[in-house]
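**Student:** Below are the structure tokens for one structure; questions will follow.
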Amino acid sequence: MRRGILGGTFDPPHFAHLFAGEAAYRDLQLDIVTFLPAGSPWQKAGQPVSKPEDRWNMTVLALEGVPYFEADDREVRRDGWTYTVDTLRSFPEEEELYLIVGADAARGIPTWHEADAILDRATVVVIPRPGIEPAEVDGVLRGRSFVWLDTPDVRLSGTMLRRQAAAGRSIRFLVREAVWRYVKDNQIYAR
């Protein structure tokens, strides 16, 4: 089993997340891409994050109809901070894991909890990000198993979408239709 793992707050899950999962699935010939919304992401400590159940529900809606995408709630169900290393260890040892991250996150992997164990367990799949030079990531991951995806620049972020929605502007067509309806119906980002 060749499994891509795409984690994040998914607050909300948007087309850039889906595009990254699609590119990894196709380019790396993965069997499945698992999307894992974080329960209590330690890297977001002190920042406002939507309720885990809302982020889980939006993730499920975002993946509907894509047979090689799956939503996994193991991080949402976990008590306390969620760490990537614990998630990777929870998958069967015989699975080949590919950790899909943006270049900004990849550059910071050495600061992650048990970074060496993460890099021992998974191949890091790096999505280019504006403002992050490949050399910055290459230097940090040198000697480790990692690969760059060749993807166009898709400039979407959860921060941008939350601001847009909170200001009363539409995020329709930046997220899947079902996610947009969920955000709207549940006033997820209403101030």
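Just so it is clear, none of the values below were taken in a lab; they were calculated from the coordinates. In this text, all values refer to a predicted model and were calculated from it rather than measured experimentally. Using ideal geometry, Cβ is built from the backbone for each residue, glycine included, and neighbour counts are taken over all protein chains shown.
**Student:** Would you please give the FRET efficiency between Glu136 and Glu114, computed as 1/(1 + (r/R0)^6) with r the Cβ-Cβ distance and R0 = 30 Å, to the nearest 0.05?
**Tutor:** The calculated FRET efficiency here is 0.85.
**Student:** Where nothing but the Cβ of Lys and Arg (+1) and of Asp and Glu (-1) is charged, how large is the charge dipole of the chain around its Cα centre, in debye to the nearest 20?
**Tutor:** Numbers: 24 positive and 28 negative charges, 195 e Å.
With Lys and Arg at +1 and Asp and Glu at -1, about 940 debye.
**Student:** Would you order Lys51, Lys184 from fewest to most other beta-carbon atoms within 10 Å of each residue's own beta-carbon? Let's see the in-between values first.
**Tutor:** Values: Lys51 12, Lys184 15.
Neighbour counts put them in this order, fewest first: Lys51, Lys184.
**Student:** Measuring from label point to label point, each 7 Å out along Cα→Cβ, what is the Arg163 to Glu96 span in nm?
**Tutor:** Placing both labels 7 Å along Cα→Cβ, they lie 4.1 nm apart.
**Student:** Okay, next question. Considering just Cα atoms, how many Å³ per residue does the convex hull of the chain enclose?
**Tutor:** That works out to 118 Å³ per residue.
**Student:** Is the shape of the stretch 8-119 best called rounded, prolate or oblate, per the rule: a/c under 1.5 gives rounded, else a/b larger than b/c gives prolate, else oblate, with a ≥ b ≥ c the square roots of the Cα gyration tensor eigenvalues?
**Tutor:** It is rounded, given that a/c, with a ≥ b ≥ c, falls under 1.5.
**Student:** Based on the alpha carbons, how large is the Rg to Rh ratio for the stretch 143-191 when Rh follows Kirkwood?
**Tutor:** Rg/Rh for the stretch 143-191 comes to 1.19.
**Student:** Just want the ordering: Asp153, Asp116, Asp72, from fewest to most Cβ atoms lying within 10 Å of their own Cβ.
**Tutor:** Result, fewest neighbours first: Asp153, Asp116, Asp72.
**Student:** A further question follows. Tell me what the chain gives for mean residue ellipticity at 222 nm when only DSSP H runs of n ≥ 4 count, each as -39,500 (n - 2.57), the sum divided by the residue total, rounded to 500 deg cm²/dmol.
**Tutor:** -10500 deg cm²/dmol
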